[in-house]
1. Relative contact order of chain B: what whole-number percent is it, with Cα pairs under 8 angstrom and at least 6 residues apart?
2. Extending each Cα 7 Å along its Cβ direction at residue B:29 and residue A:3, get the distance between those two points in nm, one decimal.
3. What's the average, rounded to a whole number, of partner chain beta-carbon atoms within 10 Å of each residue's beta-carbon in A:39-49?
4. Under the definition of Cα pairs under 8 Å and six or more residues apart, what whole-number percent is the relative contact order of chain A?
5. Taking the highest mean first, how do the peptides A:100-107, A:11-18 order by number of other beta carbon atoms within 10 angstrom per residue?
6. Find how much the distance from residue A:41 to residue A:16 grows on full extension, using 0.36 nm per residue of separation minus their present alpha carbon separation; answer in nm with one decimal.
7. Where nothing but the Cβ of Lys and Arg (+1) and of Asp and Glu (-1) is charged, how large is the charge dipole of chain B around its Cα centre, in debye to the nearest 20?
8. Among B:66-74, A:74-82, B:53-61, how do they line up by average Cβ neighbours within 10 Å per residue, starting with the highest?
Amino acid sequence: LAKTTQPISMDSYEGQEVNITCSHNNIATNDYITWYQQFPSQGPRFIIQGYKTKVTNEVASLFIPADRKSSTLSLPRVSLSDTAVYYCLVGRLNAGNNRKLIWGLGTSLAVNP
Amino acid sequence: GAVVSQHPSRVICKSGTSVKIECRSLDFQATTMFWYRQFPKQSLMLMATSNEGSKATYEQGVEKDKFLINHASLTLSTLTVTSAHPEDSSFYICSASLAGAHNEQFFGPGTRLTVL
């Protein structure tokens with residue numbers, strides 16, 4: 001059974017780089033890896049998405065090794081406002097009846113002053 | 001761009017009543033919308049996938065007669081929780097994907113349902 005595993009919680013300090021790793025050993029060939037941020041009582045917010053190698057945008061980087069069995073979300077120089085739950089999602093939306101979306105349980109990141 | 005709204009943001013109802021939650025894509029056409037349920041301090045659980053003009057596809061274990069989904073237009077999907085009970089109290093979140101896009105979901109702000 002496909003499974004997405006990530007640490008339950010992490011602690012950091014303002015200005016540090018935070019790396020959150022997600023394990024997805026059974027990722028399928030066509031699956032993408034997406035990370036979302038969620039604040040309490042709000043809907044998730046898209047952070048970054050990738051298929052392989054490295055992807056970078058204005059808020060984060062995503063590192064995916066060649067075997068794609070894991071991925072690492074990197075948040076450079078976090079601030080207090082980055083305190084949130086971060087979810088790893090593996091899957092593909094446009095797969096018709098074969099669609100599967102495997103959500104991790106979320107990593108609760110606490111950024112301390 | 002790509003804004004999704006939900007209404008109401010929170011609702012309290014008596015046991016046995018039905019509650020309708022609306023999900024709208026405000027500035028784009030969403031051929032596919034997704035409905036999730038999230039219990040406190042838990043991950044998102046996909047309930048069903050809704051395609052405009054066709055019946056929703058429900059995930060295993062989700063009762064289609066209890067959670068009625070209608071996707072009548074490219075910008076509106078509704079979830080009706082019928083005969084709600086306290087165990088249905090949860091945070092319900094919808095998301096929408098852009099027509100032709102591969103994998104990005106845009107999420108609504110969620111609806112907090114409390115059944116007394």
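The values are calculated or read from the model by the stated rules, or taken from the named source; none is laboratory data. Model, not experiment: these values are computed from the prediction. Glycine gets a Cβ as well: all are built from the backbone with ideal geometry, and neighbour counts include every protein chain shown. Note: accessible area is taken over every heavy atom of the protein model, side chains too, but ligands, DNA and RNA are not part of it. Shrake-Rupley method; radii C 1.70, N 1.55, O 1.52, S 1.80 Å.
1. 37
2. For residue B:29 paired with residue A:3, the spin-label model returns 4.3 nm.
3. 5
4. 36
5. Answer by packing, highest mean first, reads A:100-107, A:11-18.
6. On the way: separation 25, 0.36 × 25 = 9.00 nm, distance 2.63 nm.
That works out to 6.4 nm of additional length.
7. Working: 10 positive and 9 negative charges, 62 e Å.
Dipole about the Cα centre, nearest 20: 300 debye.
8. Values: B:66-74: 16.7, A:74-82: 14.3, B:53-61: 12.1.
The packing order, highest mean first, is B:66-74, A:74-82, B:53-61.
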